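Data first, discussion second: the structure below is written as structure tokens.
Since every read-out is calculated from the coordinates, none of them should be taken as a lab result. All values derive from a computational prediction rather than experimental measurement. Cβ: placed from backbone, ideal geometry, glycine included. Neighbour counts: every protein chain shown.
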Amino acid sequence: MGLRLGEVMVAQGLLTEHQVQQILHHQKHAHRPFGVLAEDLFGISEDEVERAWVAQYASLTRHVNPGDEKVDPEAMRLIDRRQAWQFRVLPVRFDGDELMIATTPEHLVRALRFASRCIPRACFFVLSEARPLGEALVRYYPMAGMTAESVEKPFKVPVPAR
């Protein structure tokens, strides 16, 4: 079994063991997610909870080199090239009814939000290093001006001029 979210948050210095036990106690009665309770009870920010969740997810999921994966053209049809680059996602293949999507740990939260809103299939994520994912995006979703190195750069939302 992978790390629990509370263990990750203790390792990251966000919570103490005692605080984790307090959250778990509240969780039994409130039936609310651990991260939400950490925010409410101890002022942990949403960003800190997300970073801890990504670390937890990374400990649980497979890590792949997208260049070594057989990419299913049917899976690729679920998104367009702009979406692939914007959200740094590569639909790889179907595993039963679920779609396997590769992304990087840095882009996991945005990729998950995108997939849950825009992909009409149940999805699960595998993680990749930025460069191999970028190389796969160049291969499967070529787009002018985008290179493998583009995935290594943080995504920035353009700010409109005033």
For peptides 46-58, 20-32, sequence by mean Cβ density within 10 Å, most packed first: 46-58, 20-32
In the range 109-148, which chymotrypsin sites (Phe, Trp or Tyr not before Pro) are in a loop and have at most 13 other Cβ atoms within 10 Å, using DSSP for the loop call? none
Using the charge dipole of the chain (Lys, Arg: +1 at Cβ; Asp, Glu: -1 at Cβ; taken about the Cα centre), state which of 123, 108, 84 has its Cα farthest towards the positive end. 84
If you compute Rg and Dmax of the Cα atoms in Å for the structure shown, which of (i) 15.1, 44; (ii) 16.9, 58; (iii) 17.8, 53 do you land on? (iii)
Within the range 9-33, list the residues whose amide N lies under 11 Å from a label point set 7 Å along Cα→Cβ of residue 59. 9-12
Would you mind computing, in nm to one decimal, how far apart the modelled labels at residue 97 and residue 42 are, each placed 7 Å from Cα along Cα→Cβ? 3.7 nm
Most positive-pole-ward Cα, 25, 58, 42, against dipole of the range 5-60 from beta carbon charges: 25
Please list, by residue number, every one of the trypsin sites (Lys or Arg not before Pro) in the range 82-155 that is coil in DSSP and has at most 16 other beta-carbon atoms within 10 Å. 121
